[in-house]
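A.B. asks: To start, I am sharing the structure in question, which I have written as structure tokens.
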Amino acid sequence: MKQLFERLRPLFAVTDFEQRRTDLAFLHIPKDYAEMLIRHLRDHEGFSHLVFFTAVDYIEDGIFRLIYMLHNYATKDTLGVYVDLSRAEPVMTSIHPLWEQAALYQRELKEMFGIDFPGSPGVDEDFLLEGWDEIPPMRREFDTRAYAEKTFFPRAGREKTDPRAHMQAQLYPDEGEK
Amino acid sequence: MMSAPDRSRYPELVDGKPVVDLDSEKYVKLWHGPQHPGITGNMSLELTLCGDEVVECKTHVGYLHRGFEKLMERRTWIQNFPVVCRIAVPEPAFNEYLYAAGLEELAGIEPPERAQWIRTLNLEMMRLASFLAWLGGQAGAFGNGTIGQWTVTHRDYLLDLFEEMTGGRIYHMYMLPGGVRSGLPDGFEERLEAVLKRVEKLLKEIKLILLHNSVFKARTVGLGIIDREMIDRYGITGPNQRACGIKRDVRKDYPYLVYDRLDFEVITGTASDVYERTLVRYREMHQCIDLIRQILERMPRDGPFHEPLPNVLHWKIPPGETYVRAECTRGEKGYYIVSDGSLYPRRICIRGPSYTHAFPVMEKMAIGTDIADIAGLMVSLHTYPPEIER
């Protein structure tokens, strides 16, 4: 996998290569070169399988990190391509011409993180949430607990047990809370 | 020279989207699901029909969306086990295994030998139980409802064994980081062998009643053919891929647990239609039984089944990210796990084969299919909606 990185380095602005296992590695690429790199990996390096495509919200750094997980069936290597997007301008080039399922991932990312992929088929259609008018729910600042308390109401007479206190009593009765 | 297909019956395409004028009385919109015996789980297909033929299909999910991936971000690592097993109801064990394996990799834990064998046994039993549920659905979609009753009964015999082994029939929470929660109960192996014999007998009968049934063959041969070119283009994995002759299986290609110490071949087909996919899965059910027997014959009976963990209420996983994969009944299942070194996961993304099988693949293959065959086509792709909705 390191050899692959060395081959890619003169062609694309790839950085921060990290070999997680012998068959799994990650690298970073700036947003503007990402689509070209992914196309190159698919067409010339044998990474024909889009395993999944998702994002991580690093709110403290002001970025969304996109992860394109690609797989090469011939060499059995899996490569995660990381692309950082500014949270202030979460727009990315669509890869729907490369894989049929990419449009669905992009539709999901639009709904769940608010990341836009202009031109991606159906990207503005609801994926799971109908009539959602809150912020995209997978963003870190969306508080599931506050939303639940605001939206739903407690059932009268229902007893609640704090899971943490219960596990403490069951598993570590002799240890105090640290 | 072939003439161009007659598209006069199909809706006009504008900007790549079909325009359906229901007032033209040429088309009918029909919702197939979410309440329909011929749909797999809580999802629906929005079909546009021209006569009996489907001219457009749109998959809809969201009926049981609970935001699993989001919920996991505010629970401690160990508290997520009751969440992950709900991400594929008929086969929760693959989720448990993958989540545990991902945490073990990030935390540098090596489960003991005996735990690896017990996990493999659990996963193969799970595969057999899940295939039994699917087989009943596949038969029922073509009018053989009785077979569904038989397979569900036999699945229940396996659930009895899961209850003995783990304490739970459906959701087990049995595989934890470091190993499994317990060894096998006394007499378990004999009872498991007795159930395997009953399942074998059932499969023999199903072969005669379903696979040799001329009506079933007439309706499934040539239906829903997945072209070889579609495999990578759509990210198709598992039996849907193997039925068109591509020999790929995570258990063989990227061995995990003790699969490299078991003797088995990757089962493939050629025709890639609904009948062939049924046949591939049917043969994989026999393979499951064989693998379970190999495990019972070779597994160690003594030794620890769990590595001690630190206090799990204060357990911080070292920062890092990984992707682990396994072969579930429907193809490649994987967990992408990101830790920032805190008590909680930073991000977990679940890769389930249904994501692509139920959406782009189903939407493409439904077009031109007779409405009566839609349920059978859907079941032949073997999809579970929770892993789409996560």
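A.B. asks: Take the residues in the stretch B:50-67 that are outside any strand (DSSP E or B) and away from chain A (no Cβ under 11 Å); name whichever of them is farthest from the chain's Cα centre (by Cα).
C.D. replies: Across the stretch B:50-67, the extreme among qualifying residues is B:51.
A.B. asks: Out of the strands (runs of 3 or more DSSP E) lying entirely within the stretch A:48-122, which hold 1 or more residues that are under 20 Å from residue B:354 (Cα atoms), small (Gly, Ala, Ser) and within 11 Å of another protein chain (Cβ to nearest Cβ)?
C.D. replies: Result: A:49-58.
A.B. asks: Let me ask you something else. List the pairs whose first member sits in the stretch A:1-13 and is under 16 Å from residue A:72 (Cβ atoms), whose second member is modelled with pLDDT of 85 or more and charged (D, E, K, R), and whose Cβ atoms are under 6 Å apart, counting only residues at least 6 apart or on separate chains?
C.D. replies: That search, which allows pairs on different chains as well, returns A:1/A:77.
A.B. asks: Is at least one residue of the stretch B:255-269 in a loop (DSSP other than H, G, I, E, B), assigned by TED's automatic domain parsing to the domain that holds residue B:154, without any contact (Cβ under 8 Å) to a residue 12 or more places away in the chain and polar (S, T, N, Q)?
C.D. replies: Checking the stretch B:255-269: not a single residue is in a loop (DSSP other than H, G, I, E, B), assigned by TED's automatic domain parsing to the domain that holds residue B:154, without any contact (Cβ under 8 Å) to a residue 12 or more places away in the chain and polar (S, T, N, Q).
A.B. asks: When you check residue A:141 against the structure, is it under 18 Å from the mean Cα position of the chain (by Cα), in a loop (DSSP other than H, G, I, E, B), surrounded by fewer than 13 Cβ atoms within 10 Å (Cβ to Cβ) and of a type outside the set (A, V, I, L, M, F, W, C), yes or no?
C.D. replies: The answer is yes for residue A:141.
A.B. asks: Specify the residue that is surrounded by the most Cβ atoms within 10 Å (Cβ to Cβ); the eligible residues are those in the stretch B:311-338 that are within 11 Å of chain A (Cβ to nearest Cβ) and more than 25 Å from residue B:123 (Cα to Cα).
C.D. replies: Applying the filter and picking the extreme gives B:313.
A.B. asks: May I ask you to say which residue of B:228, B:261 is surrounded by fewer than 15 Cβ atoms within 10 Å (Cβ to Cβ) and farther than 22 Å from residue B:279 by Cα?
C.D. replies: B:261 is the lone residue from the list that is surrounded by fewer than 15 Cβ atoms within 10 Å (Cβ to Cβ) and farther than 22 Å from residue B:279 by Cα.
A.B. asks: Same structure, new question: Counting just the residues of the stretch A:147-164 that are more than 11 Å from chain B (Cβ to nearest Cβ) and under 20 Å from residue B:76 (Cα atoms), which one comes out surrounded by the fewest Cβ atoms within 10 Å (Cβ to Cβ)?
C.D. replies: A:160
A.B. asks: Say we look at the stretch B:68-86 and pick out the residues that are assigned to a loop (DSSP other than H, G, I, E, B) and at the interface with chain A (Cβ under 10 Å from one of its Cβ atoms); which of these is surrounded by the most Cβ atoms within 10 Å (Cβ to Cβ)?
C.D. replies: B:76
The values are calculated or read from the model by the stated rules, or taken from the named source; none is laboratory data. Everything numeric in this text was worked out from a predicted model, so none of it was measured. FYI the Cβ positions are ideal-geometry reconstructions off the backbone, even for glycines, and counts take in every protein chain you see.
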